[in-house]
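Report on the following structure.
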Amino acid sequence: MDQEILALAMVLGNVSESDRQRLEVLCQNARRELEGQLRGDVTAQDCGDTLILAAAWLALADLRTGDAASGVTAFSAGNLSIQTGEGASGDVLRGRARRLMAPYLLDGGFCFRGVRG
């Protein structure tokens, strides 16, 4: 499954071969993160391709968050040009992954229980 996640993340994120090793670790961690949040009655196999796509998005989110820490993604000197980002941000990808996996994950949200007045 990790290789499927890695292959999909490489394509979706247009990731270069030079970042493959770093992305591979992030894919493994993303899969483990999602599997650790599955409801008790759900297995990774029950999620099918949904888990693969969500893990790829999480890995890309982490990759982009790490890249964004440096601030500038591109710089050129002739006629000065500075680029500070591209594509979906890490937060957007992380949100997509969470929404996609929502039916399979433990509910970590907030809810009200009976309030006495």
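Read-outs: derived from the displayed coordinates by stated rules, not from any lab. Source: prediction; values computed, not measured.
Once backbone amide H atoms are built at 1.01 Å from N, Leu105 has Arg39 as its partners under 5 Å, excluding neighbours fewer than 5 places away on the same chain.
Rounded to whole numbers, the Karplus 3J(HN,Hα) couplings from phi for region 18-35 are 5, 9, 4, 5, 5, 5, 4, 5, 5, 5, 4, 5, 5, 4, 4, 4, 5, 4 Hz, using 6.51 cos²θ - 1.76 cosθ + 1.60 with θ = phi - 60°, and x at Gly and Pro.
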